[in-house]
Amino acid sequence: MDRRTINRRTMLKATGGAAALAATARLSPAVFAQSATPTAGAGAAAGTLIIGKGQEAVGLDPAKTTAASSQDLQAVVYDRLVVFDDNNKPQPELAEKWENPDETTFVFHLRPNAAFQDGAPLTSADVKASFDRIIDPATASPWASQFAPVASIEATDPQTVTFKLKQAYGPFLATLSAVYSSIVPKAALDKGTDLQSTMIGTNAFGLKEYKKDVETILDAFPRYWQEGLPKLATLDYKILPDEPSRLSAIRAGDIALTTLADPANVDTAKSADGVKVIDQETTDYYLMGLNCKQAPFDNVKVRQAMSYAIDRQAIVEAVFFGQGKVTGPIVPTLGDWAVPVDQLDSYKPDPDKAKSLLSEAGVSNLSFKILVGSLYPEFVSIALVIQDQLKQIGVKVDLDQVEWGTFIDRWKKRDFQAFVSYNGSGNDPDRALYPALHTGGSVNAFQFSDPKVDSLLDEARNTNDAAERKKLYNEIEPMVVDEAPAIFICTRTAHFALRDTVSGFAPSPSQTWDTLKETTVSGS
């Protein structure tokens, strides 16, 4: 049987107008303006970088958002206590140093020259308030489970904050480096400031103007703590949901930086005059998520049948022209943490096995819908390939294509049978697995629950020994694949198209936009 019966032309015809839908943001439609407090030396930054942004932010609060379109902005407005370098090692950011006197205590010393974009100095009270807020159930942060091991946070003195943990927490520093761990001002929280519609951080750029679905402008923050940065005076994000429009704009020089997903558009950009393309393997991965609480996927044999029926490599070839690596629950981009996919059962397509499992489940004439956010053409393309592959085992699949805001709402409400999207893994397997697969995990959209997996995930996060953690994750991965709450497909390769006037922009697998502060535009 030919496993690749759907081709690129068929997909392009089927998805022709999908990318033209505009994203729906959860922000006020009014223009919001905020000016950073000027200080001496503010004239060092120069030039404007115009960025073609494919999706509008779905809220601006780092403690409450999960969408990459929001985190793209948060990453350059907010700082975290620590960051991880390209070698996956923790480095100082707002914490200029820290001590770890025992396995449950971390003492962070803040930079004395860091300040918020409203002019207030950074203090330990801000750090404490930021994390207390995430932990507080009233905040309903989707990232609360990442801080369950925290027993207390103490503002020891104005420049020192101490975290006490309930037990050893191996990924603690990695958790503090995530965008959702951004530090926000306590004064703003005390005033009831809505951080979904404004941003007040300590990073290199501050929010100047927001026009919903049109434009977001960030200006250089003159009191940014890192000397000599940012180099640009302004980041001007133009909202251009239609990818062909972004391609035309980068070729014409109307924008200077954008992302592309369609390999055909990437190839066109690579051959365009005055344009260069950076291909960056990421720790993100594509998947088809399954609702384990809703028929037909409340039956594990049906989920397993999907895993045996779907040819992941065929999706890589058809949708991404071979770019991307087939992945298990932990992406190969994270290195030795991941189990090689050739060691995972069900990763070799077996239609007969899939049919047998459906028969054992007592299921015939199976049909279901895949929820797809039409804003992302590759999501639609993946769903079309899956539709074609499952038809070969007698399963009927319909695509439920919705605009992006509706997709986010339904994802949050778990209102789907299946969905296609991509997830971020961050820089640690705990970030990849715990919030998504632990019972009640804050982003466990699959509503998956397995006591043994829960126990192993708890054990893996509650040890500081890297070798022991690796052993535990190597045990967890095959179990998750067997339970199949999701069909993990392949890693995501990010493609950045830049005008040749842009220098210094250097994305990494998990820190995509951080180098905008080091970016320059010649002739601007």
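Whether any residue in region 269-281 is more than 22 Å from Ser425 (Cβ to Cβ), part of a helix (DSSP H, G or I) and of a type in the set (Val, Ile, Thr) is what I want to check.
no
Can you tell me which residues in region 498-524 are on the phi > 0 side of the Ramachandran plot and surrounded by 23 or more Cβ atoms within 10 Å (Cβ to Cβ)?
To start, the set of residues in region 498-524 that are on the phi > 0 side of the Ramachandran plot comprises 504, 523.
The answer is none; no residue qualifies.
List the helices (runs of 4 or more DSSP H) that sit entirely inside region 149-267 and contain at least 1 residues that are farther than 21 Å from Glu93 by Cα and either modelled with pLDDT of 95 or more or over 24 Å from the mean Cα position of the chain (by Cα) (or both).
The qualifying helices (runs of 4 or more DSSP H) are 186-190, 243-252.
Check off (1) touching a residue at least 60 places away in the same chain (Cβ under 8 Å); (2) farther than 23 Å from Val443 by Cβ for Gly394 and give me the number that stays unchecked.
Every listed condition holds for Gly394 apart from (1).
Please give the number of the condition Asp284 fails out of (1) closer than 30 Å to Lys412 by Cβ; (2) in contact (Cβ under 8 Å) with a residue 60 or more places away in the chain; (3) out of contact with any Gly (no Cβ under 7 Å at 6 or more places or on another chain).
(3)
Can you report the number of residues in region 364-381 which are hydroxyl-bearing (Ser, Thr, Tyr), outside any loop (DSSP other than H, G, I, E, B) and within 26 Å of the chain's Cα centre (by Cα)? Steps first, please.
Of region 364-381, the ones hydroxyl-bearing (Ser, Thr, Tyr) are 364, 367, 374, 376, 381.
Then keep just the ones that are outside any loop (DSSP other than H, G, I, E, B); that gives 367, 381.
From what's left, within 26 Å of the chain's Cα centre (by Cα): 381.
Residues flagged as hydroxyl-bearing (Ser, Thr, Tyr), outside any loop (DSSP other than H, G, I, E, B) and within 26 Å of the chain's Cα centre (by Cα) within region 364-381 amount to 1.
Taking into account only those residues within region 382-414 that are at pLDDT 95 or above and assigned to a loop (DSSP other than H, G, I, E, B), which is surrounded by the most Cβ atoms within 10 Å (Cβ to Cβ)?
My answer is Val395.
I want to confirm something. Restricting to region 341-363 and keeping residues that are in a loop (DSSP other than H, G, I, E, B) and free of Cβ contacts under 8 Å to residues at least 12 places away in the same chain, which single residue is surrounded by the fewest Cβ atoms within 10 Å (Cβ to Cβ)? Don't jump to the end; show me each part of the working.
Restricting attention to region 341-363, the residues satisfying the condition of being in a loop (DSSP other than H, G, I, E, B) are 344-350, 361-363.
Next, from what is left, pick out any that are free of Cβ contacts under 8 Å to residues at least 12 places away in the same chain: 348, 362.
Numbers: Lys348: 13, Gly362: 9.
Ranking the qualifying residues of region 341-363, first place goes to Gly362.
Pairs under 6 Å by beta carbon, first residue within 16 Å of His495 (Cβ to Cβ) in region 318-337, partner part of a loop (DSSP other than H, G, I, E, B) and not polar (S, T, N, Q), six or more apart or different chains?
Thr333/Pro509
Can we say Gln167 is over 16 Å from Ala75 (Cβ atoms) and either assigned by TED's automatic domain parsing to the domain that holds Ser124 or surrounded by fewer than 24 Cβ atoms within 10 Å (Cβ to Cβ) (or both)?
yes
Please work out which residue is surrounded by the most Cβ atoms within 10 Å (Cβ to Cβ), limiting yourself to region 459-497 and to residues that are in contact with a Pro (Cβ under 8 Å, 6 or more places away or on another chain) and in a helix (DSSP H, G or I).
Once the filter is applied, the top-ranked residue is Arg461.
Could you list, in sequence order, all residues of region 282-316 that are assigned to a strand (DSSP E or B) and touching a Cys at 6+ places or on another chain (Cβ under 8 Å)?
Within region 282-316, Tyr285, Tyr286 qualify.
It is to be established whether one or more residues within region 438-457 are more than 30 Å from Val402 (Cα to Cα), buried (at least 23 other Cβ atoms within 10 Å of the Cβ) and more than 14 Å from the chain's Cα centre (by Cα).
The answer is yes; a qualifying residue exists.
Please go through region 53-71 and give me each residue that is farther than 19 Å from Phe131 by Cα and modelled with pLDDT of 95 or more, ordered by number.
Correct list: Lys53 only.
The values are calculated or read from the model by the stated rules, or taken from the named source; none is laboratory data. Not measured: the values here are computed from a predicted model. Because the Cβ atoms are built from the backbone with ideal geometry, glycine has one as well, and the counts that use them run over all protein chains shown.
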